[in-house]
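Each remark here refers to the structure printed beneath this line.
The values are calculated or read from the model by the stated rules, or taken from the named source; none is laboratory data. Every value quoted in this text rests on a predicted model; they were computed, and no experiment measured them. FYI the Cβ positions are ideal-geometry reconstructions off the backbone, even for glycines, and counts take in every protein chain you see.
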């Protein structure tokens with residue numbers, strides 16, 4: 001595993017070059033391509049200046065340090081692109097946060113599909129969600145995922161989920177309706193208390209059948 005040119009370019013582009021020391025959103029003195037005193041020499045102070053050539057040299061040295069830290073924390077084999085995405089992430093959040101992150105946990109657990117989503121959780125600084133961090137996490141996620149996607153023809157077709165039978169097509173429901181009509185006809189022709197009881201019983205039975213058929217239809221996707 002090694003840092004790729006694409007990964008280095010990602011860090012360079014996302015950090016941007018600043019030739020004069022400034023405080024970042026967390027109040028940390030920063031210069032060059034995101035260099036801070038926590039990354040090592042040179043110590044960044046107010047009023048400090050740095051040429052682009054100097055910043056490139058410092059960036060290369062800082063990235064090498066972070067790459068070593070990431071390599072020590074990762075326990076599985078990764079592609080250069082995956083490794084580079086993690087180095088960019090660690091460069092931005094710090095090795096301590098990287099070692100404690102769910103991103104590293106997913107990587108070492110070989111749950112690579114979860115890594116882009118977990119990278120996307122790290123988009124806040126100073127308690128605020130920053131558009132710049134959203135873009136950076138998206139770029140790191142894209143680098144980690146890589147361009148290797150199966151062509152549409154090679155993807156397995158999605159199996160069709162069996163669908164429940166609609167009420168209008170259910171023989172059970174229609175049988176209950178016929179029985180109810182027959183009971184009503186009998187009650188009309190031979191009115192008696194027992195006929196009324198029979199109609200009510202059939203009506204209750206049909207109601208139960210329709211309810212159960214409707215519930216099953218919903219469960220099966222209708």
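Remarks
The rows are residues; the columns are (1) more than 18 Å from residue 139 (Cα to Cα); (2) in contact with a strand residue (DSSP E or B) (Cβ under 9 Å, 6 or more places away or on another chain).
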| site | (1), (2) |
| --- | --- |
| 62 | yes, yes |
| 73 | yes, no |
| 77 | yes, no |
| 98 | no, no |
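- Flag if residue 177 is more than 23 Å from residue 6 (Cα to Cα), surrounded by 12 or more Cβ atoms within 10 Å (Cβ to Cβ) and either modelled with pLDDT of 85 or more or not assigned by TED's automatic domain parsing to the domain that holds residue 37 (or both): yes
- Helices (runs of 4 or more DSSP H) fully within the stretch 73-141 that include at least 2 residues being under 12 Å from residue 14 (Cβ atoms): 80-93.
- Matching entry among 58, 25 (being part of a loop (DSSP other than H, G, I, E, B) and touching a strand residue (DSSP E or B) at 6+ places or on another chain (Cβ under 6 Å)): 25
- Residue in the stretch 37-47 that is touching a residue at least 24 places away in the same chain (Cβ under 8 Å), part of a strand (DSSP E or B) and loosely packed, with under 13 Cβ neighbours inside 10 Å present: no
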